[in-house]
Structure formats: C-alpha cells, structure tokens
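Structure first, commentary second.
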Amino acid sequence: HQTEIMGAFLPWYTFVAVILLVIHGGLCADIIGGREVKPHSRPFMAQIKGQKGVICGGALIKENWVLTAAHCNVKKAKVVLGAHSSNKSEKEQQTFEIAKRIPYPDYNRKTNENDLMLLQLQGRAKLTKAVKPIPLPTSDKDPKPKTVCSVAGWGRTTNRGKALSAVLMEVNITVISREICNDKKHYNGRPIITENMICAGHKKGGKDSCN
C-alpha cells in the first residue's frame, strides 16, 4: 500500500496548510484569533508528542498513516489520535509508536517547499467517533483566492507569550493570491511563495496560523 500512500502526496499540496501544526523549528503554526473546537469534532487531527509535549500536528489519512510536516523532528516521538487536550489523558485517545517516516522526496529545507511527510504507525487506529481519517481530496487544483480554509492546532493563541493552547483550537483564514503575497507590500520575496505553497490570512489582521 506504500505506492498508494505516496501517490496521495500530490493532492495534499492544496490542503496541507489547513491541517498541519508546527511548534518548534524555523516555522510556526500558532492559532491566532481562533476559538476552541467542540471536543473530538475534528477526529482526523493527530498530535505528535515528544518528551516535552506536542511538537507537531498532522492528520490521519489511513488507519495506520498520518500526514505531517517534513521538517518535524519525530525521533523519539509518538502519535496521539483522538485528542482534544494537549496535556491530559482522555479515554478517546489512542497512542502509537512511529514505525516509519517518509519525507517527500523533493522537500527543500532552505525554501520549505514540499514540506510533507508520512508517518506509518505501529499498529492500526481503531476507528471511533473521535478517530477517523480525513477524506483525501479528489483533485490537485489550487484553492482559489478568497477561499475560506480552516486551520486547527494546539499552538499559541496570542502574539505574546510562549504558552501553548491546552485544547484544540481552530481559526478560519482566507486564501490570498501568490501575486499579492509576493508583492512589495507583503512578503516582498522574503520568503518567496512558490507554486508549491499556499498563502492565507485575514485581510483585517488578527487571525493567522503563523506570525
């Protein structure tokens, strides 16, 4: 089934920004201006937990496969499914060791392009109301500008302070064209938003998944 899973990478380009959470490293995915979701209402969400807590997030796409970010350091980490809390045990949670990690072959550490990685779990998830795979997209087309996306995670909820959210948060953001993101009034080429990236935010500010 590995060929089937690897083939699923391409259509996830246009959806990866919606589901991935990164806390450490050169990137961030804080949930600024968001709200707490109804517990266990996002059954595809996965926590990747290290010794000090949640280090990354991802999405369950098969009973034994999780999609996350390639730059996430998953050594000595475990995957927790069915979680709402980031620091408490819940009866809905299922915890797995990582059997294999498969970074996207064209992942570029310098530009962060193709920042995708598959994690194969040791064992298969038991599907419940709190643990379900997210449906794979049937198209690899870009979401159009002004498309509203939902970003979920356990990151910071304000621009100040380093405390992470204790519960799963979510914020709606809007897709912005690459031309606008790359112009002099915005990113101005630092970084360059390429065809393998999505730019999204809120026109009035205050809502974001990375600052």
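Things worth noting here:
- Failed criterion for Asn172 (all others in (1) part of a strand (DSSP E or B); (2) over 16 Å from the mean Cα position of the chain (by Cα) hold): (2)
Every residue, every condition in (1) in contact with a strand residue (DSSP E or B) (Cβ under 7 Å, 6 or more places away or on another chain); (2) at pLDDT 95 or above; (3) assigned to a strand (DSSP E or B), yes or no:
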{"position": "Ile55", "(1), (2), (3)": "yes, no, yes"}
{"position": "His71", "(1), (2), (3)": "no, no, no"}
{"position": "Lys75", "(1), (2), (3)": "no, no, no"}
{"position": "Val80", "(1), (2), (3)": "yes, yes, yes"}
{"position": "Ile98", "(1), (2), (3)": "yes, yes, yes"}
{"position": "Tyr107", "(1), (2), (3)": "no, no, no"}
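- Matching residues, the stretch 88-145, being of a type in the set (Phe, Trp, Tyr) and closer than 17 Å to Asn196 by Cβ: Tyr104, Tyr107
- Among the residues of the stretch 111-146, just one is at pLDDT below 95, under 17 Å from Gly58 (Cβ atoms) and surrounded by fewer than 13 Cβ atoms within 10 Å (Cβ to Cβ), namely Pro135.
- Residue count for the stretch 60-69 satisfying the condition of being at pLDDT 95 or above and assigned to a loop (DSSP other than H, G, I, E, B): 2.
The values are calculated or read from the model by the stated rules, or taken from the named source; none is laboratory data. No experiment lies behind these values; they were computed from the predicted model shown. FYI the Cβ positions are ideal-geometry reconstructions off the backbone, even for glycines, and counts take in every protein chain you see.
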